[in-house]
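What follows is a short report on a single structure.
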Amino acid sequence: MDRDSEFLEEGSMGGGSQDNGGYGTTGARGALMRLAVEALADADFYERLKEDPQRAAESIGIQLSDPDAAYLGSEVHWSVVDAHIAEMRDALHLGVMRAGPLW
Amino acid sequence: MDAVDAAFEAVVLGFAADDIALARGVRARIGPDRYALEWNLPWWIGRALGVDASTCERLSLGNVIGLVALRLSDDLEDGDVAAEDVASARRLSDGLLAAALATYRSLFPPSSPLWPRLDAWLAEWHEATRIGASSHRATQLTARAAPVKASAYGACLIHGRGELFVTLESALDNALQAMVLFDHLVDWQHDIQAGRWNAFAAHALGKPRGGGDAAVRTTGVYRALLTGNALEAYINEIDSNMRRAIEVVGDLGLTSLEEHLSQLDERMKEHSQALRTHYRDLAERATVLLVRTP
């Protein structure tokens, strides 16, 4: 399903505002990216996000709007996300090895 | 390279024939592909200044013998030598260091200004090795490569251009700093797991002294990589060091060294770009995953 909220109103992925050279970490889009990054980097956080999105978001300093909290709480198909995010978490360490040894 | 290898074998057979297999094993790990500076620096600098090939070869031999000695010593310090080989490794390391110094002694009189500098670089290396895992500054870690500068200084002195080395040394320091920082970017996961201080992890976590739970630190570094913030500043630091080195070496007319550093710079940039792309893609995919679940 497509999320119909302010998350999608700030332009395409990776665009928009930059923060200290990052990939767009301010505004509503940035908030979602922070949640997604945290869920990817920290498996425990991901489990907390599934159980209680608002509380999990607050734990990293993000205040979700009511529609966004409702979306994460009841509309996201977490079983689908589970499979993909596990595969992506496995790929986290691949970046270092991608280019091979230099010397 | 073959001549240096043959001379290396002869040196080992001359005082430690029983340990030749151990010496060959370490030598195999420090080949010219991975340790280009140690093998080639005397040639790149010496030939540009007009130093004869025979002298360049002896300087290179001194570097290679010295590097094997110091690697063995590192292995001993890190506990990477099998218990039954420790005595042999210690004997071999000491003997090779003496042989490396003898190579230089055949080129430089006792009054040469090379000796106090070489003593200082060896002391730097010794101190950096001693503090090892607890080191918390990349500049201290570059000290582990300090002895390689002896051959560069030697090549300058032999040609009567000792004054050139002041500028050259700053360029070598910049290049070594960039290489050490890059190594830490590549090795951060292993270092965290092994409990070693790592420059990139310290930068990404904002904790210059490191320390803390390995799993928590690993998660923190991934978080920094995925947001991209830590990576950019760190890569810029590598890049600015390497650019300074290349510029100075170019100004000195050391073309082969300039070419080598430029190639290295290019490969580091490609690797850095691959890292950027990998983590940016993952962050974006994760975000899309939350926004649009099929």
- Item | Charge dipole (debye, nearest 20) of the protein assembly as shown; +1 at Cβ of Lys and Arg, -1 at Cβ of Asp and Glu | 880 debye
- Task: Mind running the shape call on the stretch B:179-294? Use the C-alpha gyration tensor, a ≥ b ≥ c as the square roots of the eigenvalues: rounded below 1.5 for a/c, prolate if a/b tops b/c, oblate otherwise.
- Result: oblate
- Query: Where a ≥ b ≥ c are the square roots of the eigenvalues of the C-alpha gyration tensor, would you call the protein assembly as shown rounded, which needs a/c under 1.5, or, failing that, prolate if a/b is larger than b/c, or oblate?
  - Reply: prolate
- Please give the net charge around B:D191, taking every other residue with its beta carbon less than 13 angstrom from that of B:D191, where Lys and Arg add +1 and Asp and Glu add -1. -1
- Cα gyration tensor shape for the stretch B:1-159, rounded if a/c is under 1.5, else prolate or oblate: oblate
- On a 0 to 90 degree scale, rounded to 10, what angle separates helix B:36-49 from the longest Cα axis of chain B? 60 degrees
- For A:K50, go through the aspartates and glutamates and keep the ones whose alpha-carbon is under 15 Å away, minus same-chain ones fewer than eight residues off. A:E38, A:D42, A:E58, A:D68, A:E75, A:D82
- Message: Under a Cβ-only charge scheme (Lys and Arg +1, Asp and Glu -1), can you give me the dipole magnitude of chain B about the Cα centre, in debye to the nearest 20?
- Response: 700 debye
- Note on the structure: Summing -39500 (n - 2.57) over every DSSP H run of at least 4 residues in the protein assembly as shown and dividing by its residue count gives a helix-only mean residue ellipticity at 222 nm, to the nearest 500 deg cm²/dmol, of -23500 deg cm²/dmol
- Query: So how do B:T219, B:T287, B:T277, B:T55 line up by other beta-carbon neighbours within 10 Å, fewest first?
  - Reply: B:T277, B:T55, B:T219, B:T287
- If you average the sequence gap of Cα pairs under 8 Å that are 6 or more apart and divide by the length of chain B, what percent do you get for the contact order? 16 percent
- Hey, what angle do you get for helix B:164-194 against the long axis of chain B, alpha-carbon based, 0 to 90 degrees rounded to 10? 50 degrees
- Message: With +1 on the Cβ of every Lys and Arg and -1 on the Cβ of every Asp and Glu, and nothing else charged, how large is the dipole of the stretch B:1-159 about its Cα centre, in debye rounded to the nearest 20?
- Response: 520 debye
- Using only Cα atoms, find the angle between the long axis of helix B:86-105 and the longest principal axis of chain B, and express it within 0 to 90 degrees, rounded to the nearest 10. 60 degrees
- Note on the structure: Assertion target for A:S65, B:S106, ordered by fewest C-beta neighbours within 10 angstrom first, is B:S106, A:S65
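Rule-based calculations on the coordinates, nothing more; no lab input. As the structure is a computational prediction, the values presented were derived from the model and not from experiment. Methodologically, a virtual Cβ is constructed for each residue, glycine included, from the backbone with ideal geometry; neighbour enumeration extends over all protein chains shown.
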